[in-house]
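Enquirer: Take a look at this one; I'll ask things after.
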Amino acid sequence: MASVAARTVLVVDDEANIRDLVADYLRHDGFEVLQSGSGEEALDLLARTAVDLVILDVRLPGIDGVETLRRLRRSSDVYVLMLTARSEEADRIVGLEVGADDYVTKPFSPREVVARVRTLLRRRDAPAPASDSIVAGPLTLDPGAREARVDDRPVELTALEFDLLAALASAPGRVFTRRQLIERVWGWDFFGDERIVDVHVRKLRRALDDPADDPRLVLTVRGVGYKLAAS
């Protein structure tokens, strides 16, 4: 397992003072840090350099953070933590829909950002799950190989989408609250908005070709949470 000191975080923000502040806190916590002031520069850097996590501001000059993330997701499932304005809920939702793993609203505490980074990267270091396949109706999930199939059709999932599906598939038919799913997927110390679960469930359903208006796999239990259909 790589040490924390070996991990690299790219901070993308057009405000140099914010980049420097976040970078200082990350370096103090043992991370290697790269910086970029634009989406174009960040994509070019990411094409040439391996990083463990990207901190990405939504409001960037040129191509904004959402479009930067959309292009990044065509070739990478690197963890992405988005920075959004507190008043712009639409930015947060769109960012999550496009592929962000988490978000922090401005103004923020640099310590909170570091904590979110550590929480996301802790998921990468979690022990490998058992290799036994799980079958629930048309869904077959192989946690060890991190592969999912629906009606024997391979399904492409991001790392977070797979983890969310694996959490639901750990007990088909059992209802999980949003808080329980957050603790299993994002970590017990996650302290963001629980609605992040709803956004990623919508993305998971799209990936599974599971219609939101009549799902057959990931079911909503109104007022409680979600469950994977047992059959």
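Enquirer: With the checklist (1) under 20 Å from the mean Cα position of the chain (by Cα); (2) farther than 22 Å from V185 by Cβ in hand, flag the one item L53 doesn't pass.
Expert: Of (1) under 20 Å from the mean Cα position of the chain (by Cα); (2) farther than 22 Å from V185 by Cβ, only one is false for L53: (2).
Enquirer: Pairs needed: first member in the stretch 206-231, farther than 16 Å from V150 by Cβ; second member anywhere, in a loop (DSSP other than H, G, I, E, B) and not small (G, A, S); C-beta distance under 7 Å; at least 6 residues apart or different chains.
Expert: V221/V175; V224/V175; G225/V175; K227/R174; K227/V175
Enquirer: Quick check on V175: is it β-branched (V, I, T), touching an Asp or Glu at 6+ places or on another chain (Cβ under 9 Å) and modelled with pLDDT of 85 or more?
Expert: When the stated conditions are applied, V175 does not pass them.
Quick grid of which residues meet (1) outside the structural domain of E156 (by TED's automatic domain parsing); (2) under 24 Å from N17 (Cβ atoms); (3) at pLDDT 90 or above:
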{"position": "V66", "(1), (2), (3)": "yes, yes, yes"}
{"position": "S76", "(1), (2), (3)": "yes, no, no"}
{"position": "M82", "(1), (2), (3)": "yes, yes, yes"}
{"position": "E89", "(1), (2), (3)": "yes, no, no"}
{"position": "A100", "(1), (2), (3)": "yes, yes, no"}
{"position": "V113", "(1), (2), (3)": "yes, yes, yes"}
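Enquirer: Which condition number does L60 fail, the rest of (1) within 19 Å of the chain's Cα centre (by Cα); (2) over 20 Å from L120 (Cα atoms) being met?
Expert: It fails just one condition, (1).
Enquirer: Is there a residue in the stretch 122-143 that is farther than 20 Å from I93 by Cβ, free of Cβ contacts under 8 Å to residues at least 40 places away in the same chain, assigned to a helix (DSSP H, G or I) and touching a strand residue (DSSP E or B) at 6+ places or on another chain (Cβ under 9 Å)?
Expert: There is no residue in the stretch 122-143 that is farther than 20 Å from I93 by Cβ, free of Cβ contacts under 8 Å to residues at least 40 places away in the same chain, assigned to a helix (DSSP H, G or I) and touching a strand residue (DSSP E or B) at 6+ places or on another chain (Cβ under 9 Å).
Enquirer: A further question on this structure: Filter the stretch 39-63 down to residues that are crowded, with 17+ Cβ neighbours inside 10 Å and without any contact (Cβ under 8 Å) to a residue 40 or more places away in the chain and give me whichever is nearest to A115 (Cα to Cα).
Expert: V58
Enquirer: State all residues of the stretch 10-29 that are in contact with a Gly (Cβ under 9 Å, 6 or more places away or on another chain) and either crowded, with 18+ Cβ neighbours inside 10 Å or outside the structural domain of V104 (by TED's automatic domain parsing) (or both); if no residue qualifies, say none.
Expert: Selection gives V12, D13, R19.
Enquirer: A further question follows. So for the stretch 85-96 (the condition being over 30 Å from E156 (Cα atoms) and without any contact (Cβ under 8 Å) to a residue 12 or more places away in the chain), does at least one residue qualify?
Expert: Checking the stretch 85-96: at least one residue is over 30 Å from E156 (Cα atoms) and without any contact (Cβ under 8 Å) to a residue 12 or more places away in the chain.
Yes/no matrix, rows are residues, columns are (1) of a type in the set (S, T, N, Q); (2) in contact with a Ser or Thr (Cβ under 8 Å, 6 or more places away or on another chain):
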site	(1), (2)
I18	no, no
F31	no, yes
Q35	yes, no
L46	no, yes
V51	no, yes
V54	no, no
V78	no, no
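Enquirer: Quick test for you: out of R73, R92, R48, pick the one residue that is closer than 19 Å to V197 by Cα and among the basic types (K, R).
Expert: Result of the check over R73, R92, R48: R92.
Enquirer: Here's another thing I want to ask about it. What number of residues in the stretch 68-107 are outside any helix (DSSP H, G or I), surrounded by fewer than 17 Cβ atoms within 10 Å (Cβ to Cβ) and touching a Lys or Arg at 6+ places or on another chain (Cβ under 9 Å)?
Expert: 5
Enquirer: What are the residues in the stretch 178-219 that are exposed (fewer than 15 other Cβ atoms within 10 Å of the Cβ) and not charged (D, E, K, R), if any?
Expert: W188, F191, P211, A212, listed by residue number.
Enquirer: Can you name the number of the only condition in (1) closer than 18 Å to A159 by Cα; (2) modelled with pLDDT under 90; (3) part of a loop (DSSP other than H, G, I, E, B) that V51 fails?
Expert: (2)
The values are calculated or read from the model by the stated rules, or taken from the named source; none is laboratory data. Note that the coordinates shown come from a computational prediction; the quantities given were computed from them, not determined experimentally. Cβ atoms come from the backbone with ideal geometry, glycine included; neighbour counts cover every protein chain shown.
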